[in-house]
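The block underneath contains the structure these notes are about, expressed in structure tokens.
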2 protein chains.
Amino acid sequence: MSFKSDIEIAREARKKPIQEIGAKLGIPSESLLPYGHDKAKVGQDFIESLKDREDGKLILVTAINPTPAGEGKTTTTVGLGDGLNRIGKKAAICIREASLGPCFGMKGGAAGGGYAQVVPMEEMNLHFTGDFHAVTSAHNLLSALIDNHIYWGNELGIDERRVTWRRVVDMNDRALRDMVTSLGGVANGFPRQTGFDITVASEVMACLCLANDLADLQKRLGDIIVAYTRTREPIYARDLKADGAMTVLLKDAMQPNLVQTLENNPAFVHGGPFANIAHGCNSVIATKTALKLADYVVTEAGFGADLGAEKFMNIKCRKAGIAPDVVVIVATIRALKMNGGVAKKDLGSEDVAAVRSGCPNLGRHIANVKSFGVPVVVAINHFVSDTAAEVAAVEAFVEVQGAEAILCRHWELGSEGTEKLATRVAQIADSGLSQFAPLYYDEMPLFEKIETIAKRIYHANEVLADKKIRDQLRQWEEQGYGHLPVCMAKTQYSFSTDPNLRGAPTGHGVPIREVRLSAGAGFIVVICGEIMTMPGLPRTPAAEAIMLNEAGEVEGLF
Amino acid sequence: MSFKSDIEIAREARKKPIQEIGAKLGIPSESLLPYGHDKAKVGQDFIESLKDREDGKLILVTAINPTPAGEGKTTTTVGLGDGLNRIGKKAAICIREASLGPCFGMKGGAAGGGYAQVVPMEEMNLHFTGDFHAVTSAHNLLSALIDNHIYWGNELGIDERRVTWRRVVDMNDRALRDMVTSLGGVANGFPRQTGFDITVASEVMACLCLANDLADLQKRLGDIIVAYTRTREPIYARDLKADGAMTVLLKDAMQPNLVQTLENNPAFVHGGPFANIAHGCNSVIATKTALKLADYVVTEAGFGADLGAEKFMNIKCRKAGIAPDVVVIVATIRALKMNGGVAKKDLGSEDVAAVRSGCPNLGRHIANVKSFGVPVVVAINHFVSDTAAEVAAVEAFVEVQGAEAILCRHWELGSEGTEKLATRVAQIADSGLSQFAPLYYDEMPLFEKIETIAKRIYHANEVLADKKIRDQLRQWEEQGYGHLPVCMAKTQYSFSTDPNLRGAPTGHGVPIREVRLSAGAGFIVVICGEIMTMPGLPRTPAAEAIMLNEAGEVEGLF
């Protein structure tokens, strides 16, 4: 059996003019700012005109802990959106934008796969509508203003050793992680040690993705802490009068992007904060706009449910005042086998026992999501090598957990493969069963918030943090940041902080290495283990094979 | 008398949908890739379909040496384009895109002024269609690939001390001029000293602006020299297999942008290479496309005619195989007075003698341009404080030089103010009088090329260069780069290398500090005096006042 590659399928797409896609949601053509013929931004004025409308139903797609086998979370998000449209529902999907830098390293983007894709695929993995470039510019303008302020006399008394704001570039470039700038003498300022992160790790990205409108965005940008004085008083972006110009740079980027699935259904692709030091969801404004325009909105969150769904619920939903009506947890037989201890090379043959031993990972995610008061459906994203016995084992397991598992074939068949899932998801969403509440209340002390997540979501025994970290958390509470949610930065491969510990570990401790205040985004980042805010390129970067072919098409991007 | 500001006038513009503007030039709607409703890129396929058409007439707008009084070169380019349309000619203009970084420092952009402007003004000074971001990405991808190659074993034997390729950012940020990167240990590579330039100074920008098509672009990008080995052998971008991916990143940026003037006439705004270390003209592809679509194309070149027109003729025209039919030299009474020794604060009162003593600057530019075999018209860009006697003095002076001066009031009146100029320019362009030839032939030795420009254009006595520089030029000749044109980097304020020496100095020497090979762009940069490839921000950056007003409009950008 031979299959077409994702890029081959994407190139065969019969795209409709973006105005026709907008029309499906009732967006008038003049409120769509086109970027080429197949991409558009939804105008700010139009979005504001929607505010009295009722919201549609919100469906979150999340997954078991990711493995090298792949789960197909975005693919399932796309497939489910198409499936809902197929059964006659007015549905839209909301996903994140892809980062440019990593495309030149090892991986392509995140536009789904097989017959469940969003197009135009190449452009979504290149410059798209320029949102990430706008974030980069706004971030680096602030950086330049900080050093410029110090250069011209440092009236605010910034301690050059305590500038926490770095620079960003949308490129995998390890050489920029750690550097000394302002060398070369008086005209170039005061030398200091700093570095670059990748653009998606910028707090500006997190602000953009959590802001409700431009005014909210400007407030958040102004709230960003960029440095401290010698007496440890925070310096805000607002103190440098940077927030206005940053907002101007982000004015277009704040408008959600509309594209389409292979089946010509509307897809909002907007924002892309890191899923570790940020919350890993598409923008609030895109999700809220979609909820006003569609009866069903399918969205997703980064990594597995322990990180992605947790942050979606505790950060995004809390801040945006939205709530999921149903959660879909994606699993694949292959990934369950890996969670059950099978090596990637051995995934080809039937192994029902391994599937069964991987199932507790899925089981814990089901229970965790339910603990937010939201009903769960498991989508088994079918792979050609899956056997009936393996699928049956998962179905049986899930039933015992008080949920149901539905086999989906969207990768192979498009919406035809998710009819059953779509029907069931719509039923549950319409039922009003969901009684969503975040896991912790705003006023809970910060350390207790961390413990709550560690114990109830990760099933850890304890949180390990030295005095310095506990003191820091208490200091922020005194400074008025105690009401913020916490944003966990932990390995996505395990419920624990050990990436090799698959399945459903218990009894582990969660060591906290560092805590950071993102006062603009509005959360406390809790770093458990190594996190990488500037990736490097591999020995043979994908860039070497990326080129235009004779027909002018992009080769090698996937 | 009170006048509206540029931004007020721009906001009152009655813009037409960009498809209507394209239709004036016969561009079908499906060949225009819209960016919003008022900007579009002209599709690659359509451009290729034009190649057998005849070219229209090419009109270059240049100026006397710039002074703080301002000359209005872009304003005159726009005004002349509108004037040609007004008298019934099918005309288009071609200008450069503005750089984002400097807008947050001291100056706004370069979209004309008064009633001779190109719109949408704000967007042209912000992200526009993302071309500069694409240049930044392509440049920095190459940078990352260099350090990554060294990191993974340095198979090509790059001498880390001889990496000439830096990084770029579209921001005024002096802290990035000089730095040590790759600090922090083994995982971050080998520490080395490097820095960032502003994006417009990137050789990638020069390549984009000189390339005839995507294949030519890829060849140029591959030809870029990024480093040398210990034995001083050049390492090319091609050796790192970077050229394909860089071309992919620039694929959309290669397509010219179409916008409109206040009078709804077509304006191509594309590319923006630095006018010192590069050639300072809009893209070849935009100019050539405009020549296929319009009967008259008005374009401009950076700085005064000694730099801008010289490079336009010797670099752009030579490489693109195009030739100007007539050159318009813009002068203002105020700038002539400053060239005649008047201080800026004293420009308000009539001073015919000062105008007369400034005229030799204009006279020399006229003679220089004529030496290329191209007829000249002087446009006096009228300012409200100019008196009739002052204008008459210039007219009389220009007549003696065998040219004619025409008073223009486009800033105040739009095309009505350039009817006379347009009529005369069209006559001369149609006359076939122009007998264009570049100043030097390809095979002339490099040092002689420099001497030719210094003596014939700057009227210097001699070129001063030490043995190291002469040896370097000879070495490049031996390596096969002797046929390249030279790109002079000199102060724009004087014919000499002393910015304070206004008027028409003689007897000066031109000291060469440094020479650089831009093998991708295809020229040798000759640096005479200080050049700044990364500007800084002023004490009170414009950014502090840039913000969105209540109506959501951008304030403070101008």
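Structure above, values below:
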read-out	value
Strands (runs of 3 or more DSSP E) enclosed by the stretch B:7-105 - at least 1 residues per element that are hydroxyl-bearing (Ser, Thr, Tyr)	B:57-63
Whichever residue in the stretch B:165-181 is in contact with a strand residue (DSSP E or B) (Cβ under 6 Å, 6 or more places away or on another chain) and basic (Lys, Arg) and, among such residues, is farthest from the other protein chains (Cβ to nearest Cβ)	B:Arg166
All positions within the stretch B:111-141 that are open to solvent by 10 Å² or more (accessible area, probe 1.4 Å), outside any helix (DSSP H, G or I) and polar (S, T, N, Q)	B:Thr129
Selection from the stretch B:398-423 of residues that are surrounded by fewer than 22 Cβ atoms within 10 Å (Cβ to Cβ), hydrophobic (A, V, I, L, M, F, W, C) and more than 11 Å from B:Ile380 (Cβ to Cβ)	B:Val400, B:Ala403, B:Leu413
Residue within the stretch A:346-353 that is in contact with a His (Cβ under 9 Å, 6 or more places away or on another chain) and assigned by TED's automatic domain parsing to the domain that holds A:Pro66 present	no
Test: B:Gln435 is not β-branched (Val, Ile, Thr) and not in a loop (DSSP other than H, G, I, E, B)	no
B:Lys455 being crowded, with 18+ Cβ neighbours inside 10 Å and part of a helix (DSSP H, G or I)	no
Hits in the stretch A:504-525 (condition: over 21 Å from A:Val204 (Cα atoms) and either assigned by TED's automatic domain parsing to the domain that holds A:Ala237 or open to solvent by 10 Å² or more (accessible area, probe 1.4 Å) (or both))	A:Ala504, A:Pro505, A:Thr506, A:Gly507, A:His508, A:Gly509, A:Pro511, A:Ile512, A:Arg513
Sole exception among (1) within 22 Å of A:Lys4 (Cβ to Cβ); (2) surrounded by fewer than 23 Cβ atoms within 10 Å (Cβ to Cβ) for A:Val78, by number	(2)
Residue within the stretch B:80-90 that is closer than 27 Å to B:Lys420 by Cα, touching a residue at least 12 places away in the same chain (Cβ under 8 Å) and within 20 Å of the chain's Cα centre (by Cα) present	yes
Residue tally, condition among the charged types (D, E, K, R) and open to solvent by less than 20 Å² (accessible area, probe 1.4 Å), over the stretch B:427-452	1
Matching residues, the stretch A:25-73, being of a type in the set (Phe, Trp, Tyr) and more than 12 Å from chain B (Cβ to nearest Cβ)	A:Phe46
Looking only at the stretch A:321-336, and only at residues there that are open to solvent by less than 10 Å² (accessible area, probe 1.4 Å) and of a type in the set (Gly, Ala, Ser), the one that is modelled with the highest pLDDT	A:Ala331
Any chance A:Gly529 is over 30 Å from B:Asp252 (Cα atoms) and modelled with pLDDT under 95	yes
Residue pairs meeting the criteria (Cβ under 7 Å; at least 6 apart or on separate chains; first open to solvent by 10 Å² or more (accessible area, probe 1.4 Å), in the stretch A:282-301; second acidic (Asp, Glu))	A:Lys292/A:Asp55
Residue tally, condition under 27 Å from A:Arg220 (Cα atoms) and touching a helix residue (DSSP H, G or I) at 6+ places or on another chain (Cβ under 7 Å), over the stretch A:513-551	13
Qualifying positions in the stretch A:368-402 - free of Cβ contacts under 8 Å to residues at least 60 places away in the same chain, part of a loop (DSSP other than H, G, I, E, B) and more than 24 Å from A:Gly113 (Cβ to Cβ)	A:Pro375, A:Gln401, A:Gly402
Qualifying residue in the stretch A:177-195 (condition: of a type in the set (Gly, Ala, Ser), open to solvent by less than 40 Å² (accessible area, probe 1.4 Å) and part of a strand (DSSP E or B))	no
In the stretch A:448-465, the residues that are in contact (Cβ under 8 Å) with a residue 24 or more places away in the chain and charged (D, E, K, R)	A:Lys449, A:Arg456, A:Glu462
Cβ pairs under 7 Å, 6+ apart, first in the stretch A:142-163 and in a loop (DSSP other than H, G, I, E, B), second β-branched (Val, Ile, Thr)	A:Leu156/A:Ile235; A:Gly157/A:Thr229
Selection within the stretch B:132-141 - more than 9 Å from every other protein chain (Cβ to nearest Cβ) and in contact with a strand residue (DSSP E or B) (Cβ under 7 Å, 6 or more places away or on another chain)	B:His139
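Rundown of residues vs (1) modelled with pLDDT under 95; (2) over 28 Å from B:Gly358 (Cβ atoms); (3) outside the structural domain of B:Phe274 (by TED's automatic domain parsing); (4) touching a helix residue (DSSP H, G or I) at 6+ places or on another chain (Cβ under 9 Å), yes/no style:
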{"position": "B:Phe397", "(1), (2), (3), (4)": "no, no, no, yes"}
{"position": "B:Gly414", "(1), (2), (3), (4)": "no, no, no, yes"}
{"position": "B:Ala454", "(1), (2), (3), (4)": "no, no, yes, no"}
{"position": "B:Arg474", "(1), (2), (3), (4)": "no, yes, yes, yes"}
{"position": "B:Asp498", "(1), (2), (3), (4)": "yes, no, yes, no"}
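Each row is one residue, and each column tells you yes or no for (1) in the same structural domain as B:Asn65 (by TED's automatic domain parsing); (2) among the aromatic types (Phe, Trp, Tyr); (3) in contact with a Leu (Cβ under 6 Å, 6 or more places away or on another chain).
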site: B:Val355; (1), (2), (3): yes, no, yes
site: B:Arg364; (1), (2), (3): yes, no, no
site: B:Val374; (1), (2), (3): yes, no, no
site: B:Val378; (1), (2), (3): yes, no, no
site: B:Ser385; (1), (2), (3): yes, no, no
site: B:Ala403; (1), (2), (3): yes, no, no
site: B:His410; (1), (2), (3): yes, no, no
site: B:Gly417; (1), (2), (3): yes, no, no
site: B:Phe436; (1), (2), (3): no, yes, no
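To keep it simple, each residue is scored yes or no on (1) surrounded by 17 or more Cβ atoms within 10 Å (Cβ to Cβ); (2) away from chain A (no Cβ under 14 Å); (3) at pLDDT below 95; (4) on the phi < 0 side of the Ramachandran plot.
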site	(1), (2), (3), (4)
B:Ala201	yes, yes, no, yes
B:Ala215	no, no, no, yes
B:Arg238	yes, no, no, yes
B:Leu250	yes, no, no, yes
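The values are calculated or read from the model by the stated rules, or taken from the named source; none is laboratory data. These numbers were taken from a predicted model, which means no experiment stands behind them. Please note: Cβ atoms are built from the backbone with ideal geometry, for glycine as well, and neighbour counts cover all protein chains shown. Side chains included, ligands, DNA and RNA excluded: accessible areas come from the protein's heavy atoms. Shrake-Rupley method; radii C 1.70, N 1.55, O 1.52, S 1.80 Å.
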